[in-house]
């Protein structure tokens, strides 16, 4: 379910970017990554009673990055996408340019696909 939602958010981000809705494209790209992370955590039966982003990202880091199940670079990219998403959503003073949004969308696609691949490898080894 979360994988499908993540991919839908990626498609939405691409359409928004194409139409010039840069801030909204960045937001959708972040939420694509967020849903993929939630799916990954749920696959490990992590209790997600708190749906706060900081809690979920901390769980992701602790359970996948810190133990070197996934490369640290992913976490830094997630944090960057999150930071730009927050600026795009909440700051009228910050303008995200199309090149930056395009790069973030590319990063989001790579992260989602890597997490999906990780999930499929975990399920195939069971």
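Note on segment 103-123: residues that are under 13 Å from residue 84 (Cβ atoms) and crowded, with 17+ Cβ neighbours inside 10 Å total 4. Examine segment 83-98 for a residue that is buried (at least 19 other Cβ atoms within 10 Å of the Cβ) and over 17 Å from residue 23 (Cα atoms), and state whether such a residue exists. Scanning segment 83-98, I find no residue that is buried (at least 19 other Cβ atoms within 10 Å of the Cβ) and over 17 Å from residue 23 (Cα atoms), so the answer is no. Might you check whether a residue that is surrounded by fewer than 16 Cβ atoms within 10 Å (Cβ to Cβ) and not in a helix (DSSP H, G or I) occurs anywhere in segment 69-77? Taking every residue of segment 69-77 in turn, at least one turns out to be surrounded by fewer than 16 Cβ atoms within 10 Å (Cβ to Cβ) and not in a helix (DSSP H, G or I). Taking the listed residues 96, 84, 26, the one that is in contact (Cβ under 8 Å) with a residue 40 or more places away in the chain, more than 27 Å from residue 120 (Cβ to Cβ) and either touching a strand residue (DSSP E or B) at 6+ places or on another chain (Cβ under 6 Å) or assigned to a loop (DSSP other than H, G, I, E, B) (or both) is 96, with no other qualifying. Scanning segment 83-97 for residues being touching a helix residue (DSSP H, G or I) at 6+ places or on another chain (Cβ under 6 Å) and at pLDDT 95 or above gives a total of 2. Just one of the listed residues (59, 80) is out of contact with any helix residue (DSSP H, G or I) (no Cβ under 6 Å at 6 or more places or on another chain) and either surrounded by 12 or more Cβ atoms within 10 Å (Cβ to Cβ) or closer than 18 Å to residue 6 by Cβ (or both), namely 80.
The values are calculated or read from the model by the stated rules, or taken from the named source; none is laboratory data. Values in this document were obtained by computation on a predicted structure and should not be read as measured data. No Cβ is skipped: glycine too gets one built from the backbone with ideal geometry, and neighbour counts run over all protein chains shown.
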